[in-house]
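The values are calculated or read from the model by the stated rules, or taken from the named source; none is laboratory data. Treat the numbers as computed from the prediction; the structure is a model and nothing was measured. Here Cβ is always computed from backbone atoms with ideal geometry, including for glycine, and neighbour counts include all displayed protein chains.
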């Protein structure tokens, strides 16, 4: 992921009063009884292999973020198996007006960059730092843009998979190693420990959250896991499955389906399923019932390909993708998928079929990031692949689901943990969340029904297993999963995708207010919203297995819906 850190302002000239005010705001102050920002490196000398590289006091900014102490550093610097330097890079932001909460911001993609530690935010919502959280962010143990990797091309963010410890750090070890650092920084700076501990992230960050709930559950009071790729190596196998399906339509996968083809599918999904929640509003509220009444084959042309229908080859390819990958024995290698209205959204196309990135030859994300991850990080031993778009697509096109798919479960003398061991929650297939539940931890999971990267069906089946193990009532005291109709990967699509889940999580943890529903609103800047939708539209998100039902009243208001058993 790119580094979105804002550029440092350049001070050219200021009137003396303004300069004095600026210097005062940047003074090395500390809360009563705590260690000033500039003295924190000395206070943390007892932590081995910790290098605090910078500390600075930053003033409040024009985005509403408060004055805070920024600490940057690295932990466990070492030489890897591949001869390159590795360390866990991190930053922590400690606000002056601290709310006595800690939030570990876990990041998406392949990690590899220290995303600014502002905490989760929507397009219309304040971030965690603004709310007063002390926030930690890291690169999970590798630098994705390490100059030493530039010659590897588009796999430069994946080649850390050649080092066994970098794999572990990415999977789970970095979050574990940073815990004492974060707690020491908080206790030193504020003179007291945090009262509550949270973790939040989306995509790979959601995976981090679910892994932490299983591996480090005794530490966290609340976890917000959005679009959690908790079976990420299996989901990477899906990328190969998709590429091979698209190539059956056209050798150039970017041309397998036009935007009009996907809109045709979305329109038919709505025609069959929109009214299932008792209101025709451009939203599929009852996803499970929709899969029973929507039939992709209804869109097949009588012969060949024409406007308003799909060719037989297209129908077969799309159905194959949504059925999920299997080997020659018919064994399911990942999840199946649900048809939803968001299939026509730009994000779905960017991930699955065609991006707008010239250096990628406009190949989709699955063919670039996905292929590099599957080959270098998730197979054991790693599979060297050249970092060109053509080579990455060729790797996925030649992927053998009998020979290659088992490599995500493989280990050897050097790589003693398989990808499925270091990337996934240890109890993913039989979730109990024992330590997390014993602490009284609470987890909110959000997942878009049109997510093209990680199947919402996989997440809902995880919830089903947790409910079967603990019982519906007890499971609901620990974790609640909220599907988001129409939403793609983490955000976007024809959806009400702005929901203050962090506030709901805090209220659940600290006030005992269990979220029986969440209210989600539209992002007025979302260009994929239908013109007929009000910019004030809101909808309830219902905890699985409940679904929304229109109960009468204002069709644009969440108050007009109830959450009901299917």
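Below is a table of values for the structure above.
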item	result
Residue tally, condition in contact (Cβ under 8 Å) with a residue 24 or more places away in the chain, assigned to a helix (DSSP H, G or I) and over 24 Å from residue 292 (Cβ atoms), over segment 320-351	4
Of all residues making up segment 288-319, the number that are under 22 Å from residue 337 (Cβ atoms), over 32 Å from the mean Cα position of the chain (by Cα), in a loop (DSSP other than H, G, I, E, B) and without any contact (Cβ under 8 Å) to a residue 60 or more places away in the chain	1
Some residue of segment 129-142 being free of Cβ contacts under 8 Å to residues at least 40 places away in the same chain and crowded, with 20+ Cβ neighbours inside 10 Å	no
Residue tally, condition over 22 Å from residue 447 (Cβ atoms) and in contact with a strand residue (DSSP E or B) (Cβ under 7 Å, 6 or more places away or on another chain), over segment 265-289	2
Filter result (out of contact with any helix residue (DSSP H, G or I) (no Cβ under 9 Å at 6 or more places or on another chain) and crowded, with 21+ Cβ neighbours inside 10 Å) within segment 164-181	178, 181
Selected residue [assigned to a loop (DSSP other than H, G, I, E, B), in contact with a helix residue (DSSP H, G or I) (Cβ under 6 Å, 6 or more places away or on another chain) and under 26 Å from residue 393 (Cβ atoms)] from 243, 280, 249	249
Segments classed as helices (runs of 4 or more DSSP H), wholly inside segment 354-445, with at least 3 members that are surrounded by fewer than 20 Cβ atoms within 10 Å (Cβ to Cβ) and in the same structural domain as residue 262 (by TED's automatic domain parsing)	389-397
Qualifying positions in segment 18-37 - modelled with pLDDT of 95 or more and crowded, with 18+ Cβ neighbours inside 10 Å	35, 37
Residues (within 18 Å of residue 132 (Cα to Cα), part of a helix (DSSP H, G or I) and in contact with a strand residue (DSSP E or B) (Cβ under 8 Å, 6 or more places away or on another chain)) located in segment 184-240	185, 186, 189, 190
In segment 470-497, the residues that are out of contact with any strand residue (DSSP E or B) (no Cβ under 9 Å at 6 or more places or on another chain) and either part of a loop (DSSP other than H, G, I, E, B) or over 22 Å from residue 221 (Cβ atoms) (or both)	471, 472, 476, 494
In segment 534-548, the residues that are within 20 Å of residue 456 (Cα to Cα) and in contact with a strand residue (DSSP E or B) (Cβ under 8 Å, 6 or more places away or on another chain)	539, 540, 541, 542, 543, 544, 546, 547, 548
Subset of segment 204-245 (residues that are within 26 Å of residue 94 (Cβ to Cβ) and within 10 Å of the chain's Cα centre (by Cα))	204, 205, 206, 208, 209, 225, 226
Checklist (1) under 27 Å from the mean Cα position of the chain (by Cα); (2) surrounded by fewer than 18 Cβ atoms within 10 Å (Cβ to Cβ); (3) under 14 Å from residue 127 (Cβ atoms) applied to residue 93, failing item	(2)
Test result for residue 358, more than 15 Å from residue 236 (Cβ to Cβ) and free of Cβ contacts under 8 Å to residues at least 12 places away in the same chain	yes
